[in-house]
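Chemist: Below is the structure I would like to discuss, written out as C-alpha cells.
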Amino acid sequence: MADLFEEYRLGPGWDEMFSELGMPRESYEALHATLQPLSSAELGIRAEVLARAFLDQGITFALKGVERPFPLDIVPRIIAAAEWRQVEIGVAQRIRALEAFLADVYGAGQVFADGVVPRRIIATSAHFLRAAAGINPPNGVRIHVSGVDLIRDEQGTFRVLEDNVRIPSGVSYVMENRRAMAQVLPEVFAATRILPVESYPAMLLRALRAAAPIGVNDPTVVVLSPGVYNSAYFEHSLIAREMGVELVEGRDLVCVGNDVAMRTTAGEQRVDVIYRRIDDDFLDPVHFRADSVIGVAGLLNAARAGRVTIANAVGNGVADDKLLYTYVPDLIRYYLNEEPLLPNVDTYRLDEPGVLDDVLPRLDELVLKPVDGAGGAGIVIGSQASSTELFDVREKIVANPRGWIAQREVKLSMVPTLIGNRLRGRHVDLRPFAVNDGEKIWVLPGGLTRVALPEGALVVNSSQGGGSKDTWVLAAEDDLTPFEVPHLPAAPSPLPPAASPDVGPGASGSEEQQQQQQQGRLAC
C-alpha cells in the first residue's frame, strides 16, 4: 500500500472505504486506485489547490476570530446506488409524516386526541407559535426545504440524528464542493458515474413557484436574507443567483393591505413567494420580536390572507424539537400507516416517569443534548466529558428534564481524511436536502457530509472544528438518463458575498441575525 495509507487504521465505527484493512469496498475501488499511487506531497498539492479555490471565492469561515478557508477534505465520501435509494425513500417518508404532523398541530390536533403525542410536548416547546395556527399553505406544503441529519452506526445502518425543517442551511457547500472537487480529482470523475447536484436550484425554484397563492400563474419569487452581516449570506446570494430571482432584505419589502411588494427602480412589484432565511422570531415585528429591524411588518397577516407564501412555513420549528424527534417513528405509523425506513438513534425521554432515575447514574455512557440546541451547541458526550462537565449537565437536566434528551453514544462511521500528510479515519455525518413541490419530494443526490477533524471527535459542526466532504452518489443503471433542468430566467446581480458562509450548517442563525440588527438596519 502506498505511504498515504501505511499508517491507516480501522476505527471503532463502520469504515466506509474499507471492509477490512487494505480491502476497499466496491463503491470505493476507483477512488482507492487513484489515491494509492499518489505520494503525500502530490495529494498535499491538490489539497492546497482546493483550499485556495475556496479562499479565492470567499468561501471561508471564522474559527476563534480567524478567517480561514472552509475545510473541504480532498477525499470524497461515496454512497452506492442501492444505499442511496434507501436514504432517498426514507427521507421522503419522514418529510411526508412531518408535513402531516405540522398541518395537524396547527389545525385540528387529532394527533393529541388519539394519544400519539402528548399535548404537553407541544405546549412546552419553545418553537410552537400560536400565531401560525390556521395558516393553510396554498398547496399544503410547509416544509419546502428540509435537511435530515443522518449517521451510520457501527453496523453501517443509516439512522436519523435530527430533523431540520425550519431554515436548513449548507446546500451551497454541496454545490461548491462538487465544482471544486471536479478540478482536483478529474481522473476519478472520469472513471466513476456520479449523480450530479447542479439541478438543486432548478428544483427549488420549481417547488417555490408551485407554492404560489391561488390564482397566481406566474409568481414572483424572492430570497429574503438578513443581509451581508449574516454568516450564511454567501449561501443566500448563491441560491438567489442560481435560481435567477431577486435577493432582498426586509427593508426592500413593504406590506400594504395584506399585499407584499418589492421596491424596485421601476416602482413597487408584487411578491408572491418568499424563500426566507430569517428566523421566525425576527420575521415579523408585529407578531414576534417587536425590536426586529430585519423582518417585514405585516408579513404573517399577508400569509394568513393567502396573499403571499412563506417558505419554509412559520412555526415549523416545533417539528425540530429534539423531544418531538423521539415521536417521529410513531408519527410515520400514525399518518402514513407505514413502518419507518430510517430508524432513530436510541433515545431517552427524560421527562417520562422513571427514565431520569435510570439515566442519571450513567451519564458518562450517553450523549446529552438540549432539545432546542443547534450547531452542536450544548451537547455533552459523556465518555469524553470531565467530571465537572458531567456534574454541570446533571444539574441542568434535573432542573429541566423536558429541556434535554439522552442518546446512546454511536460510534459514527469513518472515512479516510487527509490529516497533515497522511490519511486517517475521521467520523462523518450526512445531511441530505429534500425539496417538496406538493406532488413529489425530491432528495438531492449526495447532500452535505460533515467531518469531525480532531481525532476521536464526534461533533462534526465546523463551528466545533469540523469540515466537509464532497458526497458522491453512484449512478444506478436507471440513472443514466440526464436530468432535464427546467428553464431558468436570467439571473439578477445581487451584491457579492461580503461575509463568511454559515459555520454551523445546523444552526438557525439567530445570533447572526441579532448582530445584523445591531448594525442599525431600518425596517420598511
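Chemist: Please verify whether residue 342 is surrounded by fewer than 23 Cβ atoms within 10 Å (Cβ to Cβ) and within 17 Å of residue 111 (Cα to Cα), treating the condition exactly as stated.
Modeler: The answer is no for residue 342.
Chemist: Quick one: how many residues across the stretch 26-39 are open to solvent by 30 Å² or more (accessible area, probe 1.4 Å) and either in contact (Cβ under 8 Å) with a residue 12 or more places away in the chain or among the hydrophobic types (A, V, I, L, M, F, W, C) (or both)?
Modeler: Here the count works out to 6.
Chemist: Further, regarding this structure: Quick one: is residue 376 farther than 30 Å from residue 282 by Cβ, of a type in the set (Gly, Ala, Ser) and at pLDDT below 95?
Modeler: no
Chemist: Check residue 411 against each of (1) in a loop (DSSP other than H, G, I, E, B); (2) open to solvent by less than 10 Å² (accessible area, probe 1.4 Å) and name the one condition it does not meet.
Modeler: If we test residue 411 against (1) in a loop (DSSP other than H, G, I, E, B); (2) open to solvent by less than 10 Å² (accessible area, probe 1.4 Å), just (2) comes out false.
Chemist: Then there is this: Within the set of pairs 6+ apart or on separate chains, which have a first residue in the stretch 203-216 that is closer than 13 Å to residue 244 by Cα and of a type outside the set (Val, Ile, Thr), a second that is part of a helix (DSSP H, G or I) and open to solvent by 40 Å² or more (accessible area, probe 1.4 Å), and C-beta atoms under 9 Å apart?
Modeler: Correct list of pairs: 204/242; 205/242.
Chemist: Of all residues in the stretch 212-236, which are modelled with pLDDT of 95 or more and among the hydroxyl-bearing types (Ser, Thr, Tyr)?
Modeler: 220, 225
Chemist: If you don't mind, another one. With the requirement that a residue be over 25 Å from the mean Cα position of the chain (by Cα) and within 24 Å of residue 350 (Cβ to Cβ), what does the stretch 97-113 give you?
Modeler: Selection gives 111, 112.
Chemist: Does residue 85 satisfy the criteria of being outside any loop (DSSP other than H, G, I, E, B) and within 18 Å of the chain's Cα centre (by Cα)?
Modeler: For residue 85, the condition - outside any loop (DSSP other than H, G, I, E, B) and within 18 Å of the chain's Cα centre (by Cα) - is not met.
Chemist: Go through (1) crowded, with 19+ Cβ neighbours inside 10 Å; (2) in a helix (DSSP H, G or I); (3) in contact with a Lys or Arg (Cβ under 9 Å, 6 or more places away or on another chain) for residue 402 and report which single condition fails.
Modeler: Among (1) crowded, with 19+ Cβ neighbours inside 10 Å; (2) in a helix (DSSP H, G or I); (3) in contact with a Lys or Arg (Cβ under 9 Å, 6 or more places away or on another chain), the lone unmet condition for residue 402 is (1).
Chemist: Sticking with this structure for a sec: Restricting to the stretch 396-422, name every residue that is without any contact (Cβ under 8 Å) to a residue 40 or more places away in the chain, under 26 Å from residue 455 (Cβ atoms) and within 26 Å of the chain's Cα centre (by Cα).
Modeler: Once the filter is applied, which keeps residues that are without any contact (Cβ under 8 Å) to a residue 40 or more places away in the chain, under 26 Å from residue 455 (Cβ atoms) and within 26 Å of the chain's Cα centre (by Cα), the stretch 396-422 yields only 419.
Chemist: Select the helices (runs of 4 or more DSSP H) contained entirely in the stretch 230-324, then report the ones holding at least 1 residues which are of a type in the set (Val, Ile, Thr), open to solvent by less than 10 Å² (accessible area, probe 1.4 Å) and farther than 30 Å from residue 401 by Cβ.
Modeler: 233-243
Chemist: Go through the residues of the stretch 363-378 one by one and say whether even a single one is surrounded by fewer than 18 Cβ atoms within 10 Å (Cβ to Cβ), of a type in the set (A, V, I, L, M, F, W, C), touching a helix residue (DSSP H, G or I) at 6+ places or on another chain (Cβ under 9 Å) and closer than 21 Å to residue 450 by Cα.
Modeler: Scanning the stretch 363-378 turns up at least one residue that is surrounded by fewer than 18 Cβ atoms within 10 Å (Cβ to Cβ), of a type in the set (A, V, I, L, M, F, W, C), touching a helix residue (DSSP H, G or I) at 6+ places or on another chain (Cβ under 9 Å) and closer than 21 Å to residue 450 by Cα.
Chemist: Within the stretch 145-167, work out how many residues are under 26 Å from residue 241 (Cβ atoms) and either open to solvent by 10 Å² or more (accessible area, probe 1.4 Å) or more than 16 Å from the chain's Cα centre (by Cα) (or both).
Modeler: So the answer is 3.
Chemist: Looking only at residues in the stretch 189-207 that are open to solvent by less than 10 Å² (accessible area, probe 1.4 Å) and in contact with a Pro (Cβ under 8 Å, 6 or more places away or on another chain), which one is nearest to residue 278 (Cα to Cα)?
Modeler: 202
Chemist: Looking at 425, 438, 447, 456, which is the one that is crowded, with 22+ Cβ neighbours inside 10 Å and at positive phi?
Modeler: 447
Chemist: May I pose another question? Taking the condition farther than 26 Å from residue 426 by Cα, modelled with pLDDT of 95 or more and not in a loop (DSSP other than H, G, I, E, B), does residue 116 pass?
Modeler: Answer is no for this residue.
Chemist: With respect to the numbered conditions (1) touching a residue at least 40 places away in the same chain (Cβ under 8 Å); (2) not in a loop (DSSP other than H, G, I, E, B), which one is the sole condition not fulfilled by residue 393?
Modeler: Only one criterion is unmet by residue 393, namely (1).
The values are calculated or read from the model by the stated rules, or taken from the named source; none is laboratory data. All values derive from a computational prediction rather than experimental measurement. When we count neighbours, we look across all protein chains shown, and the Cβ atoms used for this are built from the backbone with ideal geometry, even at glycine. SASA here: full protein model, heavy atoms, side chains in, ligands and nucleic acids out. Shrake-Rupley method; radii C 1.70, N 1.55, O 1.52, S 1.80 Å.
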